[in-house]
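Comments concern the structure below.
The values are calculated or read from the model by the stated rules, or taken from the named source; none is laboratory data. Worth saying up front: this structure is predicted, and the values here are computed from it rather than measured. Counting neighbours? That spans all protein chains shown, and the Cβs are built from the backbone with ideal geometry, glycine included. What goes into the accessible areas is simple: the full protein's heavy atoms, side chains included, and nothing from ligands, DNA or RNA. Shrake-Rupley method; radii C 1.70, N 1.55, O 1.52, S 1.80 Å.
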Amino acid sequence: METQHHNVPELPREVSTWEKISNSIVVKLLIILVLLLFLLIPLSWVQDLIGERMVRDENVKAEISGKWGGQQVVSGPVIGIPYEYQYTSNISDDKGKVTKETVTEEDYIFIVPKSMKVYAKVEPEYLKRGIYQSVVYNSTLHLTGEFDELDLKKLGTAPEKLKWSEAKVFIGMSDTKGLKANPVIQIGAEKAAFETNTTNMVMFERTMSAPLDLSTSQSTVNKFDIHYDLRGSKSLNVFPLADQNQIVVEGKWANPSFNGSYLPENREVGPDEFKAEWNIPSFDRKFPHQWANHKGALYQITNNYQVEETLLPAMKNGQAIASESDMVQVNFLEAVNNYQKTTRVAKYGLLVILLTFSSLLFTEIIKKQRIHIIQYVLIGCAMVLFYSLLLAFGEHVVFNISYLISFVATTVLIAAFIYWITKDRKICLLFSGILSLFYGFIFVLMQLQDFSLLVGTIGIFVILAVMMRLSTKVNWSQLDRR
């Protein structure tokens with residue numbers, strides 16, 4: 001007797017509540033959002049690392065500048081003529097008896113040039129220490145001009161009280177370490193070398209003086225000529241203190257930046273050299289053509305308007321103080337600062353990860369290929385590592401090359417990982433194209449300056465429009481059931 005076998009239809013497996021929850025697209029979206037928040041932690045670590053390397057870079061640059069010569073401010077010349085004056089002072093003895101005593105003290109009368117021309121020829125270059133570098137320069141300075149005659153009636157000083165034979169000429173700079181030799185001045189028929197100032201003058205950051213005998217002329221109507229070589233770093237500043245100033249700066253550098261209160265009237269900036277010219281009258285000068293009874297600073301570097309204590313005595317005496325904003329400034333910018341560009345790229349980190357995760361989610365929905373949340377985590381870690389690669393390679397090669405290396409390495413790694421998961425070459429190539437589009441978009445934004453916000457906003461708008469269009473091709477109500 002034959003046994004008949006009947007094909008019994010297999011009953012569908014009952015899906016548990018846990019499986020429904022774990023496979024829910026809504027739950028997965030929530031998990032991805034939580035994952036994005038957690039990825040902010042390693043992204044912040046990367047930004048801290050970039051900041052740490054930037055601080056190290058600035059410290060090395062400061063160390064190089066300290067040994068070579070810092071940012072220089074060229075000032076002067078100013079003629080100072082000593083004179084004696086008397087005043088009566090009340091003096092008390094031990095018993096409280098007050099007596100009047102005549103006190104004789106010495107002070108200076110100062111006069112600035114009627115006209116002055118400053119010509120500076122600058123040769124910037126990179127000075128390296130290990131993987132770090134700083135912009136330094138050698139400069140040749142030529143100062144010419146003419147002093148006017150003193151008007152002692154305005155100062156209320158008798159000519160016989162002036163010590164004409166003990167007059168001095170003062171010039172200033174920020175860092176005397178940058179001097180290769182003592183500056184020399186030719187004024188009238190006299191020629192003298194400047195030396196470190198031994199008087200109590202604090203007119204400039206570093207004041208140098210040269211003797212000047214005016215006993216024969218009893219006047220300050222003299223032409224002057226000053227030559228010297230000066231080393232510095234990052235920027236060259238000229239303090240225009242004459243009644244009429246002509247300043248010409250030229251050099252071989254492709255990225256000069258003209259700052260301060262005055263922009264050049266004429267400028268020529270070429271691929272490898274520049275030349276700029278300023279003509280500045282004394283209308284904005286914070287001190288007169290000649291003055292007496294003040295030995296304080298004529299200017300002070302304010303460090304972003306944080307006034308130092310050395311300013312206070314001069315301000316109390318009623319003498320106006322100039323700052324670096326009252327000078328002609330020429331900054332020698334680095335051609336490329338990899339740290340700044342890496343910082344800008346890192347600011348888009350969360351956006352790129354969000355777009356990538358969104359693309360992953362659409363890919364697995366449209367292609368019906370599940371990607372586990374752990375695999376999302378690994379892909380997110382790979383995208384965070386992109387910024388570490390960019391920083392590491394950027395310290396050794398130019399930014400564009402380091403970006404290309406980091407982009408290719410990250411894209412190949414993630415695309416290969418997608419292929420290992422799905423075993424589908426089309427999905428792998430599709431996702432490679434998506435990543436290339438995102439990283440290429442960020443790279444284009446890095447090259448733009450004035451239009452980066454406009455292009456970035458339009459780009460994000462287009463990407464959002466594409467995703468909105470893709471979402472219409474998905475039957476969202478059937479996803480959880482499926």
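If you count, for each residue, the other Cβ atoms within 10 Å and average over each peptide, how do 230-240, 341-351 line up from highest to lowest?
Highest-to-lowest ranking by the protection proxy: 230-240, 341-351.
Take the residue pairs K114/K153; K180/K286; K114/K177; K121/K180 and return only those whose Cα atoms are more than 26 Å apart.
K180/K286; K114/K177, as the Cα separations exceed 26 Å there.
222 nm [θ] for the chain, helices only, -39500 (n - 2.57) per DSSP H run of 4+, per residue, to 500?
Using -39500 (n - 2.57) per qualifying helix, the result is -12500 deg cm²/dmol.
Less than 14 Å Cβ to Cβ from S406, Lys/Arg counted +1 and Asp/Glu -1: what total charge do the surrounding residues give?
0
For L385 and H372 in the same chain, what is the full-extension length gain: residue separation times 0.36 nm, less their Cα-Cα distance, in nm?
So the chain would gain 2.6 nm between L385 and H372.
Simple spin-label model, 7 Å along Cα-to-Cβ: E123 to K161 in nm?
With each label placed 7 Å out from Cα toward Cβ, I get 5.1 nm.
What is the dipole size for the chain, taken about its Cα centre, with +1 at each Lys and Arg Cβ and -1 at each Asp and Glu Cβ, in debye to the nearest 20?
Computed charge dipole of the chain: roughly 2200 debye.
Counting only protein heavy atoms, what percent of the accessible surface of the chain is carbon or sulfur at a 1.4 Å probe?
56 percent
For the pair S471 and T216, how long in nm is the line joining their label points, each one 7 Å along Cα→Cβ?
About 9.2 nm, to one decimal.
Check cross-link reach from K426 to the lysines: straight Cα distance under 26 Å, and skip same-chain residues fewer than eight apart.
K28, K367, K368, K473
What order do T176, T198 take when sorted by accessible area (1.4 Å probe), most exposed first?
T198, T176
Mind ordering 117-130, 385-398 by average Cβ neighbours within 10 Å, highest first?
385-398, 117-130
Taking only protein heavy atoms and a 1.4 Å probe, what accessible area per residue, in Å², does the chain have with all protein chains in place?
In whole numbers, the chain has 56 Å² accessible per residue.
Express in Å², to the nearest 10, the accessible area of M208 obtained by rolling a 1.4 Å probe over the protein heavy atoms while all chains stay in place.
10 Å²
Rounded to whole Å, give me the distance from the Cα center of segment 243-279 to that of segment 390-408.
If we compute the Cα centre of each part, the gap is 34 Å.
So what's the net charge close to L49: Lys and Arg +1, Asp and Glu -1, counting the other residues with Cβ under 12 Å from its Cβ?
After counting each charged neighbour, the total is -1.
What does the accessible area of Y132 come to, in Å² to the nearest 10, when a probe of 1.4 Å is used?
Y132 exposes around 20 Å² with every protein chain in place.
Rg and Dmax of the chain, Cα atoms, in Å?
Rg then Dmax for the chain, in Å: 36.0, 150.
Determine the sum of side-chain charges near R129: Lys and Arg each +1, Asp and Glu each -1, restricted to other residues whose C-beta is under 12 angstrom from that of R129.
+2
With θ taken as phi - 60° and the coefficients 6.51, -1.76 and 1.60, list the Karplus ³J(HN,Hα) couplings across segment 337-354 in order, rounded to whole Hz; mark glycine and proline as x.
10, 4, 5, 5, 5, 5, 4, 5, 5, 5, 5, 8, x, 5, 5, 5, 5, 4
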